[in-house]
Amino acid sequence: MRRAVAFIVLVCFILGAPINALAVMSCGADLNGDGFADAAGETAACYSAPLWGQDTSQWFCPVQPTDCQRDFAEPIIEQTCSLPGFTYIESRNRCEAPFTSGCGGAQYDPTLSVCFTPSTATPTCSTGTYDQATGKCDLQTYSCPLGEYSCLDTGAATPQCSPNPCIDVANPSNDVSLLPSEDPMLQNDGQVDANGNCLGEIYIFSGKGTRCRPPGLSVGYANDCCDSSDPVLMDSTTGSRINNVASAISTAYEMAQVGYYSYQISTGAMAAVEYGGQVVVYNMANGTIAASYASGTATASGVMAAQGTATAGAATTTGTVTSGLSSYASALFNPTTIAIAIVVMVVMKVMFGNGCSPEDIETAMLANSDYCHYLGTVCERKWKFVGCVQRAKRFCCFNSKMARIVQEQGRPQLKAFGPSGGWGTAENPNCRGFTPQEFQQLDFSRIDLTEYFGDIQQNLSQKIQDAQTTVQQKIQDHYEQIR
């Protein structure tokens with residue numbers, strides 16, 4: 001039944017072909033004073049609320065909502081006379097009447113020969129009504145204590161205002177990406193002669209500018225895409241070829257996706273169906289598509305295995321996730337050379353929440369494996385009138401730890417880079433490699449490779465231990481056969 005409903009929802013969604021032509025009104029502010037608006041609670045979606053006491057509505061920003069204050073005015077104090085025939089005399093601040101045969105209940109002033117009595121102060125309001133509690137005129141309106149901001153009926157006990165404007169972030173001019181979608185990297189694509197000799201420029205130990213993102217608007221406030229606690233890449237394990245490293249990271253990212261969507265399927269938040277040569281994962285709540293994979297791929301196989309386990313209804317969340325990952329691994333024909341169990345642990349840690357991109361994953365793994373030179377933190381995404389809503393940590397990353405070590409210690413030796421290493425800026429990094437002439441000028445006696453050889457020694461010890469285990473197993477197998 002669940003799959004049937006899923007199919008109907010999916011078909012309706014595809015045939016409906018919704019067009020997102022609506023404005024996406026949002027707002028934000030730097031509440032903690034760190035110069036950025038990328039912490040939890042510092043950005044929010046605006047909503048429409050009626051202006052207090054009016055029939056029109058306006059966008060309201062729920063960041064820094066402030067209760068409006070009731071408007072009061074000073075009353076006009078009118079002096080009145082309680083006795084008939086008496087008139088208020090302002091210069092003497094009393095009520096007077098001519099003396100005739102007597103003053104009755106009033107007093108007599110022989111100097112002026114008048115009767116007088118104290119006046120009664122009566123507050124009156126030209127607008128609003130007099131409030132006995134405050135002694136002022138209640139104008140029955142509200143104003144914002146922060147300034148000239150509108151007071152809206154937000155559903156709170158008191159009308160509210162906000163100092164932060166709402167902007168349409170669907171408008172590209174209001175939501176600006178400050179970094180390139182992908183940093184350029186020198187490719188091995190130059191012309192060669194008949195003997196395979198390079199006719200262009202040769203660069204040795206060349207790197208690539210890249211980034212990972214800490215918690216923020218784009219990746220989620222509980223999602224640190226730079227967090228990859230344990231190193232998962234080693235020169236002696238993945239090798240120094242960049243395609244080996246990229247293949248390892250790509251596989252790890254796919255496994256993280258399978259694990260993530262398997263978990264969502266197990267909780268009922270998402271479901272997967274196979275339709276038209278595609279395996280589509282969609283949100284059960286609103287029918288929007290979360291991911292789509294070609295049928296028959298390892299990722300599609302893992303997701304559908306998880307859906308099958310969840311549909312059976314007998315599996316736990318752990319069982320559903322395990323089913324998805326096991327199916328993915330079975331369908332994978334090109335396993336990488338790195339420890340998959342470690343990769344899944346690391347990638348799931350940074351992927352959970354579905355906010356981290358493959359570049360985030362790659363950078364986090366490379367940086368925490370000491371393959372990268374840190375350049376600094378910059379703003380990646382900025383909202384008009386709000387400020388930076390997503391930061392990024394920037395690196396020059398290389399295809400091995402040795403490349404990074406030689407780059408960091410070799411650059412300051414060369415005039416072309418200067419004493420600081422000539423890394424450029426975090427916004428515009430210079431990650432190029434050495435030319436052959438520059439490489440020949442390096443004094444390797446001044447380059448400390450202790451860090452690199454530590455990894456080699458560690459891996460060598462593990463290989464020796466593995467070899468000993470293999471030999472012992474072979475001996476045991478032999479005795480089992482001759483018994």
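The values are calculated or read from the model by the stated rules, or taken from the named source; none is laboratory data. Predicted model, so just to flag it, every value in this text is computed and none were measured. FYI the Cβ positions are ideal-geometry reconstructions off the backbone, even for glycines, and counts take in every protein chain you see. Surface accessibility is based on the protein's heavy atoms, side chains included, excluding ligands, DNA and RNA. Shrake-Rupley method; radii C 1.70, N 1.55, O 1.52, S 1.80 Å.
If I take R0 = 60 Å and measure r between the Cβ atoms of ILE202 and GLN140 in this structure, what FRET efficiency does the formula 1/(1 + (r/R0)^6) give, to the nearest 0.05? Taking R0 as 60 Å, the efficiency between ILE202 and GLN140 is 0.15. Net length available on complete extension from THR127 to GLN191 is 14.5 nm, with 0.36 nm assigned per residue and the Cα-Cα distance removed. Would you mind computing, in nm to one decimal, how far apart the modelled labels at SER48 and GLU148 are, each placed 7 Å from Cα along Cα→Cβ? It works out to 2.6 nm between the two label points. The apolar share of the surface of the range 85-161, taken as the fraction of accessible area on carbon and sulfur atoms (1.4 Å probe, ligands and nucleic acids excluded), comes to 47 percent. Between GLU408 and ARG70, the C-beta separation translates, for a Förster distance of 45 Å, into a calculated FRET efficiency of about 0.10. Applying 0.36 nm per residue to the separation of ILE289 and THR267 and subtracting their alpha-carbon distance, the gain on full extension is 6.2 nm.
If you take the Cα centroid of the range 372-386 and the Cα centroid of the range 98-170, the two points sit 53 Å apart. For the listed peptides 371-379, 27-35, 283-291, a ranking on the average number of other beta carbons within 10 Å per residue, highest first, reads 371-379, 27-35, 283-291. At full extension, PHE99 and THR87 could sit 3.0 nm farther apart than now, given 0.36 nm per residue minus the alpha carbon distance.
For SER181 and THR56, a Förster radius of 41 Å and the Cβ-Cβ distance give a FRET efficiency of 0.50, rounded to the nearest 0.05.
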